[in-house]
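I have placed the structure first, in the form of structure tokens, so that the comments after it can refer back to it.
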């Protein structure tokens, strides 16, 4: 049942983002509105959301608090990772930014997975 709930949540999130894109498309072209909406979500919310699950248990904070903390963590992590990647002589491009977002998101999931394994005694 949890996987079904996850799939439904992802579908609802995509529909919500698409709805926001449609509203924004009243002023700008739809493709540009979709880039803005989905890009903002990818850069501002996605990197920190996995870390909120690391720092807070499921029932510790509610959905709105999780999103706000996720935004704060994303704003903290992504510039730091981009700075480190720049010091490693990587050129700043869309690819580099996507690498930073991926590193942040996947490392949060990995830490959460390790934390769950330790909690279960494996």
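Is it the case, given these coordinates, that residue 82 is at pLDDT below 90, loosely packed, with under 13 Cβ neighbours inside 10 Å and assigned to a helix (DSSP H, G or I)?
No.
Applying the selection to the range 16-38, what residues are exposed (fewer than 12 other Cβ atoms within 10 Å of the Cβ) and either closer than 30 Å to residue 81 by Cα or within 13 Å of the chain's Cα centre (by Cα) (or both)?
Once the filter is applied, which keeps residues that are exposed (fewer than 12 other Cβ atoms within 10 Å of the Cβ) and either closer than 30 Å to residue 81 by Cα or within 13 Å of the chain's Cα centre (by Cα) (or both), the range 16-38 yields only 31.
Within the range 7-14, is even one residue assigned to a helix (DSSP H, G or I) and either modelled with pLDDT of 90 or more or buried (at least 16 other Cβ atoms within 10 Å of the Cβ) (or both)?
no
Name the residue, out of 61, 69, 49, that is touching a helix residue (DSSP H, G or I) at 6+ places or on another chain (Cβ under 8 Å), within 21 Å of residue 115 (Cβ to Cβ) and without any contact (Cβ under 8 Å) to a residue 12 or more places away in the chain.
Exactly one of 61, 69, 49 is touching a helix residue (DSSP H, G or I) at 6+ places or on another chain (Cβ under 8 Å), within 21 Å of residue 115 (Cβ to Cβ) and without any contact (Cβ under 8 Å) to a residue 12 or more places away in the chain, namely 61.
Let me spell it out: the conditions are (1) modelled with pLDDT of 90 or more; (2) farther than 17 Å from residue 10 by Cβ; (3) surrounded by 12 or more Cβ atoms within 10 Å (Cβ to Cβ); (4) over 17 Å from the mean Cα position of the chain (by Cα), and residue 90 meets all of them except one. Which number is the exception?
Every condition holds for residue 90 apart from (1).
Could you list all residues from the range 57-79 that are over 21 Å from residue 93 (Cβ atoms), surrounded by 14 or more Cβ atoms within 10 Å (Cβ to Cβ) and modelled with pLDDT under 90?
61, 66, 67
Tally the residues that are in contact with a helix residue (DSSP H, G or I) (Cβ under 7 Å, 6 or more places away or on another chain) and within 21 Å of residue 41 (Cα to Cα), restricting the search to the range 76-96.
6
The values are calculated or read from the model by the stated rules, or taken from the named source; none is laboratory data. What you see is a predicted model; the values in this text were computed from it and never measured. Virtual Cβ from ideal backbone geometry, glycine too; neighbours counted across all protein chains shown.
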